[in-house]
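Asker: Take this structure, written in structure tokens, and hold onto it; I'll ask about it next.
Each value in this text was obtained by applying a stated rule to the coordinates, not by laboratory testing. These numbers come from a predicted model, not from an experiment. Positions of Cβ are generated from backbone atoms using ideal geometry, with glycine treated the same way; all protein chains shown enter the neighbour counts.
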Amino acid sequence: MKKNDPFKDFIKIIAKLRAPGGCPWDRKQTHQTLKPYLLEETYEVLEAIDTKKPDILKEELGDLLLQVVLHAQLASERKAFTMDDVADGISQKIIRRHPHVFGTTKVKNAEQVLTNWVAIKNEEKAEKQGKKPCVFDGIPKHFPALFENYKISKRVARMGFEWKKTTDVFNKVEEELNETKEAVRSGNKKHIKEELGDLLFTVANLCRVYEVNPEMALKQANKKFKKRFHKVEKQIEKEKIPLHKMTFKKWNQFWNIAKK
């Protein structure tokens, strides 16, 4: 008895949605129109991971896979590539970049694995482009700014452009903070924007030095703030205080209660 192949069946389902007589919504999609959905589904997978609930993660991974297969189907219709080509391409890449698993290379630790990975990746880029790759090649311009900063600083640190001591990073943060204060005193909005950018850039570097993803750290901080502020809202509602009568002292009092 022939076994079902869920993945191949799924590819056929998507192809039918795109075929004449299929779904009008799916048929009108392009790579460009699908971009927001790909991003949205990626963030929903991240949120599902945080729930630590396998069923939710399984569902969200399925939604993300839908976007991948849809893009492959669009390419297939133009005879550009197929889902099989995508799978084969990533398989070959993984084999190339893991010579310690699929070849004879020896490594001592995960750090050596990463070093080899970067070296092999640069060789691949040089071969494709016919020139030495730039250190920032491959960092998508659509990355959120904080995550882009994280990737940029990691790249240059690997090349040796790195702080000698972690205290140097804190000094740089203080330096940028003081420059921001000076810019605020000047009242020049363009200068303020520039200095705030430098300050954020340096704080994100501080995150990288301590192996903290700044995007994830800020996301966690946002979540914590919303949770605490929700408690403040409940306290205001409980005491029946109109918002226009809430003083800064009262806000601060409720906020400190929420923190505890």
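Asker: What's the long-distance tail for the stretch 145-212, i.e. % of Cα pairs beyond 16 Å?
Answerer: So the portion of pairs separated by more than 16 Å is 49 percent.
Asker: Compute for the stretch 78-142: radius of gyration divided by Kirkwood radius, i.e. Rg/Rh, restricted to C-alpha atoms, rounded to two decimals.
Answerer: Rg/Rh: 1.03.
Asker: Dipole of the chain (Lys/Arg Cβ +1, Asp/Glu Cβ -1, origin at the Cα centre): which of His191, Leu65, Ala217 lies farthest to the positive side?
Answerer: Positive-end residue among those listed: Ala217.
Asker: Cα gyration tensor of the stretch 175-245, axes a ≥ b ≥ c as square roots of the eigenvalues: rounded (a/c below 1.5), prolate (a/b > b/c) or oblate?
Answerer: oblate
Asker: How large is ³J(HN,Hα) for each residue in the stretch 215-220, as worked out from phi by the Karplus curve 6.51 cos²θ - 1.76 cosθ + 1.60 (θ = phi - 60°), to whole Hz, x for Gly and Pro?
Answerer: 5, 5, 5, 5, 4, 5
Asker: Using only Cα atoms, find the angle between the long axis of helix 31-51 and the longest principal axis of the chain, and express it within 0 to 90 degrees, rounded to the nearest 10.
Answerer: Between helix and principal axis, roughly 60 degrees.
Asker: Something else: How charged is the neighbourhood of Gln73? Take every other residue with its Cβ under 15 Å from the Cβ of Gln73, and add Lys/Arg as +1 and Asp/Glu as -1.
Answerer: +3
Asker: In addition: Can you give me the Kirkwood hydrodynamic radius for the chain, using every pair of distinct Cα atoms, in Å to one decimal?
Answerer: 23.7
Asker: Restricting to Cα atoms and excluding each atom paired with itself, what does the Kirkwood estimate give for the stretch 1-85 in Å?
Answerer: 14.0
Asker: Extending each Cα 7 Å along its Cβ direction at Val212 and Cys134, get the distance between those two points in nm, one decimal.
Answerer: Those two pseudo-labels are separated by 3.1 nm.
Asker: Where in the stretch 141-158 does the label zone of Glu179 land, with the point 7 angstrom along Cα→C-beta and an amide N cut-off under 18 Å?
Answerer: 149-150, 153
Asker: Cut-off is 10 Å between beta-carbons; in what order do Arg96, Arg27 appear when sorted fewest neighbours first?
Answerer: Arg27, Arg96
Asker: I've got another one for you. Taking loop as defined by DSSP and a crowding limit of 12 other beta carbons within 10 Å, which GluC sites (Glu not before Pro) in the stretch 114-213 fit?
Answerer: Passing both the DSSP loop test and the Cβ count: Glu211.
Asker: What value, in deg cm²/dmol to 500, does the helix sum -39500 (n - 2.57) over DSSP H runs of n ≥ 4 give at 222 nm once divided by the residues of the chain?
Answerer: -25000 deg cm²/dmol
Asker: Give a quick list of chymotrypsin sites (Phe, Trp or Tyr not before Pro) in the stretch 185-260 that DSSP marks as loop, anything other than H, G, I, E or B, with at most 13 other Cβ atoms within 10 Å.
Answerer: Passing both the DSSP loop test and the Cβ count: Tyr210.
Asker: What length, rounded to one decimal in nm, is gained on full extension from Thr33 through to Lys154, with 0.36 nm per residue of separation minus their alpha-carbon distance?
Answerer: 40.4 nm
Asker: Please give the length that would be gained between Glu47 and Ile13 if that part of the chain were fully extended, namely 0.36 nm times their separation in residues minus their C-alpha to C-alpha distance (nm, one decimal).
Answerer: Value of the extension gain: 9.5 nm.
Asker: Report, to the nearest 10°, how far helix 54-77 tilts away from the longest principal axis of the Cα atoms in the chain, using its own Cα long axis and a range of 0 to 90°.
Answerer: Compared with the principal axis, the helix lies near 50 degrees.
Asker: A further question follows. What are the extents of the Cα atoms of the stretch 34-79 along their three principal axes, listed from largest to smallest and rounded to whole Å?
Answerer: 40, 18, 8
Asker: Can you give me the angle between helix 83-96 and the longest principal axis of the chain, using Cα atoms only, in degrees from 0 to 90, rounded to the nearest 10?
Answerer: 70
Asker: Now for a separate question. Summing +1 for each Lys or Arg and -1 for each Asp or Glu, what net charge is found among the other residues whose Cβ lies under 13 Å from the Cβ of Gly187?
Answerer: +3
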